[in-house]
Each structure stands twice: as structure tokens, then as C-alpha cells.
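All remarks here apply to the structure that follows.
Just so you know, all these numbers are worked out from the coordinates, no wet-lab data involved. Here the structure is a predicted model, which is why all the values come from computation and not from measurement. Cβ atoms come from the backbone with ideal geometry, glycine included; neighbour counts cover every protein chain shown.
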Amino acid sequence: MTKSALVISAHPEPTSLTQTLAKTSVETLTRMGLQVQTSNLYQMDWKAVIDATDFPQDDSQAPLAIIAASGKAYYSNTLTEDVIQEQQKLLAADLVIFHFPLWWYSVPAILKGWFDRVYAYGFAYGYQNKGNQLRYGEGILQGKRALICVTTGGGYEDYSPLGINGTMDELLFPITHGTLFFPGMDVLQNHVIFDAKGEPNQRIADEVTSWSKRLTHVFREKPIPYRKQNSGDYINGQMLKSEVAMGKSGIAAHIA
């Protein structure tokens, strides 16, 4: 069966390294025989702010309760068309790639808004109306692969184990674990391009080659071994058992 991919990019400049790598993803995956869909958020003029207009069927006289309104709209199929289309793209994809620059130690606001709006209650959280029972390794996106390709202006030293910024794995943990693994996706190791500013042509060519080469074996890579909520490692799906990660705490404890 032909595999499919979704390439999501978030950078306002079409000639940026971020968008160049996104185009490389589309070209490489297409050559590999995948069916590829794209979501270029700036080009789409994606609405980043979640508000009452996202739930046109909701009672406008009542205070806006995002979770309740989101769930009601999802289960009644009255989410806005742009959100429905993105959900359908996610469901169709075997691989989801996110291209973005690191801005203030996180994703650009337009991509954060994509998650806020597309990850409706009942879809990415509260799956099957079971509250927090099906999350972290389970959920509607279980079995799909996710991969982040991020550019940053800082050099490797700033993000090294003793670097002043913290490591990229630590900074992106809220995305890799809390946003991608949460609804079930298998998350691959981050692809990071450091010192990505004013790149000479040869540097861009090298990064494009390196990225394209990685994509050729993307379905053979082992994902980050995050502990699944319902694997038996957690008490009530909330806190690790003391004997599971002896001597570890924080992010490291949640990686098997």
C-alpha cells in the first residue's frame, strides 16, 4: 500500500531555509513514491487564534468554554472547514513532518495556533470521550510517525548539554512528547540546523542533501522510546512508579 505524508511548514519567507527544506521534503518523499499533502501555514493565511468563531453552532450568549465547545463541534461535525481539512490530512498521513524556526524557544505563533485549533476535544485529546485514558502513546494518531525539522540562529554550543539555552531535546519536549506523542504518534529524533542565519549557498546545499538523505530511511528509524501512559509504568496514568526510573527525574525519566 502506498504510504502518505503531510508536510507542515511555518515561515513567512518563501526563500528561507525552513521553506527550502520543506520543499525538499515534498520532492524527496514524492520521489520515494509517497502521496504528499502540504500545509504551508503562512501561504494559507492560517487563522492562528482560537475564539468563538471556531464554533459557529455554539450558543453565542453563553460564556465560551473551549473544551466543551470544541467537543460539541467535533462530535456534531460543525468545526470550521479549514480545521476539518487539516484533521483529514492528519488522519490520511503515515508520516507528519513539521518545518519551523525556533522563535523564543518554541514554535512560531501560527503553528501553535494550528495545534490549538486542529487538536479539537474528541480528536487529539479526550479521545473516544474517555477523558485522559487514551493519551501518551495511544489515541487517534497512533501508528503515525512525526518528525520535527527545526532551524535556529544559535550555534551548537548554545544548545549543547552545558549550553546556556538548554538542549534542543529539552526545549522541544513540550512539542515532541506533549503535543505529538500525546495523541499517539511515534516521534523520531529531532532534525536540528544550528547557526541558520545568512547561510552561504554551499551550506544550504549541504543541509538540503543531509535532510533528503535522512528522509530516504525515515520509515526505518526507531522512534524516541517515550513511555506509554498505559504500559504499566505509571500510577493511574499520572506519575511514574518509583522503581521504573531509578535515579532519574524530569524529562529523562519518561524515556525508556
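Numerical summary
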read-out: Translational diffusion coefficient (Stokes-Einstein; Kirkwood radius from C-alpha pairs) of segment 181-256 at 25 °C, 0.890 mPa s, in µm²/s; value: 159 µm²/s
read-out: Spin-label zone in segment 92-125 - amide nitrogen under 13 Å from a point set 7 Å from the Cα of Tyr75 along the C-beta vector; value: 121-123
read-out: Label of the coordinate-derived value, semi-axes √(5λ) of the Cα gyration tensor in Å, listed as (i) 29, 25, 18; (ii) 30, 25, 23; (iii) 29, 21, 16; value: (i)
read-out: Volume of the Cα convex hull of segment 1-143, divided per residue and given in Å³; value: 129 Å³
read-out: Under 5 Å, built H, 5+ apart or other chain: amide partners of Ala146; value: Val96, Asp186, Val187, Leu188
read-out: Dipole of segment 1-69 [Lys/Arg +1, Asp/Glu -1 at C-beta], most positive-end residue of Thr15, Ile67, Leu41; value: Thr15
read-out: MRE, 222 nm, helices only [DSSP H, n ≥ 4, -39500 (n - 2.57), over the chain, to nearest 500]; value: -8500 deg cm²/dmol
read-out: Gained length - Glu243 relative to Met44, 0.36 nm times residue gap less alpha-carbon distance; value: 66.8 nm
read-out: Tensor-based shape of segment 68-152 (alpha-carbon gyration tensor, a/c under 1.5 rounded, otherwise prolate or oblate); value: prolate
read-out: Candidate lysines - alpha carbon under 22 Å from Lys130, same-chain residues fewer than 8 apart omitted; value: Lys72, Lys144, Lys228
read-out: Most to least packed among 212-224, 232-244, 124-136 [average Cβ atoms within 10 Å]; value: 124-136, 212-224, 232-244
read-out: For the chain, size of Cβ-based charge dipole, Lys and Arg +1, Asp and Glu -1, in debye; value: 760 debye
read-out: Most to least packed among 105-113, 183-191, 201-209 [average Cβ atoms within 10 Å]; value: 183-191, 105-113, 201-209
read-out: Förster-model FRET efficiency, 35 Å R0, Thr15 and Ala68, C-beta, rounded to 0.05; value: 0.20
read-out: Hypothetical label at Ala256: residues of segment 175-195 whose amide nitrogen lies under 14 Å (7 Å Cα-Cβ projection); value: 186-187
read-out: Three principal axis lengths of segment 34-104 [C-alpha, angstrom, descending]; value: 44, 31, 18
read-out: 15 Å Cα-Cα reach of Lys248 towards aspartates and glutamates, excluding residues that sit fewer than 8 places from it in its own chain; value: Glu170, Asp233
read-out: Local net charge near Gly237, Cβ-Cβ under 13 Å (Lys/Arg +1, Asp/Glu -1); value: +3
read-out: Positive-end extreme of charge dipole, the chain - chosen from Val208, Tyr119, Gln142 (charges on Cβ); value: Gln142
read-out: Estimated distance in nm for a label pair at Phe115 and Glu221, the labels positioned 7 Å out from Cα along Cα-to-Cβ; value: 1.8 nm
